[in-house]
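Peer 1: Quick one: this structure, given as structure tokens, is what I'll be asking you about.
All of the numbers you see were taken from the coordinates with simple rules; none came from a lab. These numbers come from a predicted model, not from an experiment. Cβ placement follows ideal geometry from the backbone for every residue including glycine, while neighbour counts extend to all protein chains displayed.
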Amino acid sequence: MDRLREYVESKEYEGMPVWALNHRKEIVTGLDLNLVSNDLEVQVNDDINLMKKMRSYKGIRHEQGKKVRGQRTRSNGRKGLAIGVIRKKD
């Protein structure tokens with residue numbers, strides 16, 4: 001059990017294909033990592049904050065709450081708006 005836990009928690013996986021890892025091309029070191037649980041969430045949030053800070057296109061889209069990966073926005077992604085018509089009370 002301990003060997004399995006050590007293997008899963010190790011940041012670098014030997015012999016694993018790059019496409020199977022969940023955090024590729026880390027910004028600071030350039031390594032391909034496989035992060036677990038809270039480490040992954042923290043790293044993704046740090047990456048998004050860095051994009052916002054340097055004012056990249058993706059960072060600006062994250063700030064505005066819009067689609068980031070090139071999806072269409074004309075008819076989809078309308079969250080947070082009022083739905084339907086509300087009648088006045090007499």
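Peer 1: Which of the GluC sites (Glu not before Pro) across the stretch 1-70 are loop residues per DSSP, with 12 or fewer other Cβ within 10 Å?
Peer 2: Working: sites: Glu6, Glu9, Glu12, Glu14, Glu26, Glu41, Glu63; in loops: Glu12, Glu14, Glu26.
Sparse-neighbourhood loop GluC sites (Glu not before Pro): Glu12, Glu14.
Peer 1: Still on this structure: Which links in Lys66/Lys88; Lys25/Lys58; Lys25/Lys53; Lys66/Lys89; Lys25/Lys52 stretch past 27 Å when you go from one Cα to the other? Please list the in-between numbers first.
Peer 2: On the way: Lys66/Lys88 32 Å; Lys25/Lys58 17 Å; Lys25/Lys53 19 Å; Lys66/Lys89 35 Å; Lys25/Lys52 19 Å.
Long pairs (Cα-Cα over 27 Å): Lys66/Lys88; Lys66/Lys89.
Peer 1: Here's a follow-up. Of Lys67, Lys52, how do they rank once you tally other Cβ atoms within 10 Å and put the fewest first?
Peer 2: Working: Lys67 12, Lys52 15.
Ranking Lys67, Lys52 by Cβ neighbours within 10 Å, fewest first, gives Lys67, Lys52.
Peer 1: Further, regarding this structure: To the nearest 0.05, what FRET efficiency results for Val28 and Val85 with a Förster distance of 41 Å applied to their C-beta separation? Before the final figure, lay out each step's value.
Peer 2: Details: r = 52 Å, r/R0 = 1.26.
My answer for the efficiency is 0.20.
Peer 1: Ok, one more. Using the Cα atoms of the chain, I'd like the radius of gyration and the largest Cα-Cα distance, Dmax, both in angstrom.
Peer 2: Cα only, the chain: 20.0, 71 Å (Rg, Dmax).
Peer 1: Please identify, among Ile60, Ile48, Ile27, the residue showing maximal mean-square fluctuation in a Gaussian network model of the chain using a 10 angstrom Cα cutoff.
Peer 2: Comparing Ile60, Ile48, Ile27 in the GNM, the peak value goes to Ile27.
Peer 1: Running a GNM on the chain with Cα contacts under 10 Å, which residue among Arg72, Arg55, Arg24 ends up with the highest mean-square fluctuation?
Peer 2: Fluctuation is largest for Arg72.
Peer 1: Just subtract the alpha-carbon distance of Glu63 and Ser10 from 0.36 nm times their residue separation and send over the number in nm, one decimal. Intermediate values should be presented prior to the final figure.
Peer 2: Numbers: separation 53, 0.36 × 53 = 19.08 nm, distance 3.25 nm.
Length difference between fully extended and current span is 15.8 nm.
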